[in-house]
Structure formats: structure tokens, C-alpha cells
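Here the structure comes first, spelled out in C-alpha cells, and everything after it is commentary.
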Ligand SMILES: Nc1ncnc2c1ncn2[C@@H]1O[C@H](COP(=O)(O)OP(=O)(O)OP(=O)(O)O)[C@@H](O)[C@H]1O
């Protein structure tokens, strides 16, 4: 573990570029210990928000803090926050990966032994002395991440880190980020490849038109978007009755799909299991009918789709 985790807090952030409002009164938090996905259609304001968190763009209003402190007031920013904003490592094509990291470490006053550590962590040691211009897309992405991790930061902000990675590379990225989060780090990842975020992230912040749609766990998001759960029970009738008594609160729908099968919306699998247990009803199967985050995302941002059409 890396000590107490640091929360990112975005409070009523607004950014206007002339007549364009890129981000509007945006408030959300990013918790340590899990990977949080940052989703929104093109132009939703994700990059602008990340840039404001990193002090690269001055907010028109509001504030973003990391562990309660604004980025510009952090005593040692590279030790607290690592970021990859455009997927580019910033390495000169003629410069080797190792030399690029050495230069960055020196500029950021980080110990040089971290260079070998991140080369090893990012599986770049075998390519470390080749010119960065000869790196594949995946290797360039790893060099960007290596640069962000040089300070062993407690917070990571990654804009589209999966861009250009093949499925193997994505699986590796997922394991890396989940491992870093499990150490207590705070990780915010934006991506357009929503099925990948679904695999990587436990929490999700969705924005559109610079405004918050929802902060939620992936499971909660599924419920909010009407994802259903198939429930097989020998006492389906009684279970349907028990669930039905709660739908006034949850807004869910209970459908009979067979003698022992219900299709339920508005409830998580956990809520259904707990309700069944509370009523002493057996449940033989609980299967989330996954519409996938892609569909959920489209449902939640449908307003934007309509506005554009
Ligand atoms: N420097 C700038 N000057 C003027 N407008 C800008 C500037 N930066 C961003 N914008 C505008 O702000 C809005 C939000 O852009 P932003 O890049 O933050 O969105 P995004 O969600 O990251 O989009 P994408 O997923 O396409 O990268 C867009 O309308 C964009 O054109």
C-alpha cells in the first residue's frame, strides 16, 4: 500500500472559451483504490476537465483539488500526480526510451533509479536503448505511462491510454491499472472504447455538454439505464410479488418470462438476492442481462445524440 489515498474533488468547475462553454458547473469526486472511468461523447469536456485538475487550464469558476490541495499548490507535483494527456510520450524520435526517462527524471528532480524501475514495470527494458522513433504504438503508450509513473505518484490521470493497443495490450493495461489502484492509488481514465472501460473501471463519471450525467459504479449505471436481471426461482410468483411491492420506490419492472423465470429491471443482483433471502425464497440463478456499457452510455447521452441530429 502507498499510504492514505488521495481523493480528486471537482467542485462546480466551469470553463468558457469565448462563447463556448466547455465545462459547466461540474462537480464529482474520484475515490482512491479503484479505477474510475471518465466517459462522454466527443467534445463533452473530458480533456478540459483533466487539464483543469492538472492546473494546465485556468477555470472560469470552481476549483479542482487533489487530496484537498490545488495542483499548483502541491509541494512535489510529480510525486503526487502522474498524467498522460494525449497519449504522446513527448520523447524525441532520436532519443532512446531510457534517455527520455532520464531527462524527465532530472528535470522533475526524481531519483534516477526510478528509470530502471519503470522500464521494468512497463516491460520496456528490452527496448530501452532503441530510439523512441522506432517504437510501436503500444510501446509509445507504455513509454508515456512510464513517464507518468516515474515519480511513483499516488494519483494517475490518463486520457485515452488504451488508444492503439491490441487486445493483449489492453489486457495488460487493465491488469496494470487495477494493480496500481489496489495499492490505494487514485486513477481516472478517459476512453472512447467503452467496452474497455467496462472491463477496467469500477466507478464511472459520465458527462455530456460539459455537465454531469451521473457519477456511479458500473453496476449502478446498469440499473439506471434499465439493464435487466434474469431471476430463476422455484418460487417465482412469490418473489415477483415481493419485488413488485418495492417497485414504487425503485421504478423497476417485473416480467414473468416462464414458470420459474423473471426478468427484473430497477434492482441490482444484490438487492434481488437480499430481498429473496429476507422472504425465505430460494433463488437458483441471477444473471445480469448485460446491455454493456456502450449501450448504457448511448442511452444516458441520448439527449446529445438527438441534439446533433
Ligand atoms: N482551447 C480551446 N479553445 C476553444 N475551444 C476549446 C478549447 N479546448 C476545448 N474547446 C472546446 O471545448 C469543448 C470540450 O472539449 P474537450 O476537448 O474538453 O472535450 P472532450 O470530451 O475531451 O472531447 P474528445 O473526446 O473529442 O477529446 C469542445 O467544444 C471544444 O471544441
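Just so it is clear, none of the values below were taken in a lab; they were calculated from the coordinates. Predicted model only: the values in this text are computed from it and were never measured. Heads up, the Cβs are rebuilt from the backbone with ideal geometry, glycines too, and the neighbour counts pull from every protein chain shown.
Odds and ends about this structure:
- Over the chain: helical MRE at 222 nm, DSSP H runs n ≥ 4 each giving -39500 (n - 2.57), nearest 500: -10500 deg cm²/dmol
- Of 116, 159, 260, the residue with the greatest mean-square motion in the GNM of the chain, using alpha carbon springs below 10 Å, is 260.
- Applying 1/(1 + (r/R0)^6) with r as the Cβ-Cβ distance of residue 9 and residue 94 and R0 = 35 angstrom yields a FRET efficiency of 0.25.
- Helix 97-107 vs. the chain, principal-axis angle (Cα, 0 to 90°, nearest 10): 80
- When you restrict to C-alpha pairs under 8 Å that are six or more residues apart and normalise by the size of the chain, the relative contact order lands at 21 percent.
- Placing R0 at 25 angstrom, the Cβ-Cβ distance between residue 178 and residue 152 gives a FRET efficiency of 0.90 after rounding to 0.05.
- Here the contact order of the stretch 228-289, divided by its residue count and restricted to Cα pairs under 8 Å and six or more residues apart, works out to 51 percent.
- Once the Cα-Cα distance is subtracted from the 0.36 nm per residue extended length, the residue 273 to residue 69 segment shows a gain of 69.3 nm.
- Alpha carbon centroid spacing (whole Å) that separates the stretch 159-212 from the stretch 13-56: 15
- Note on residue 130 and residue 60: the model spin-label points, each 7 Å out from Cα along the C-beta direction, lie 4.6 nm apart.
- Sequence-separation-based contact order of the stretch 1-123, relative, with Cα cut under 8 Å and 6+ spacing, percent: 22
- Degrees separating the helix 137-149 axis from the principal Cα axis of the chain, which is the longest one: 80
- Shape metrics for the chain, restricted to C-alpha atoms - Rg then Dmax, Å: 22.4, 71
- Look at 205, 259, 63 and count the other Cβ atoms within 10 Å of each Cβ; fewest to most, that gives 259, 63, 205.
- Tilt relative to the chain, helix 269-278 - C-alpha long axis, 0 to 90 degrees, to 10: 40
- Calculated FRET value between residue 253 and residue 285, using beta carbons and R₀ = 25 Å, to 0.05: 0.85
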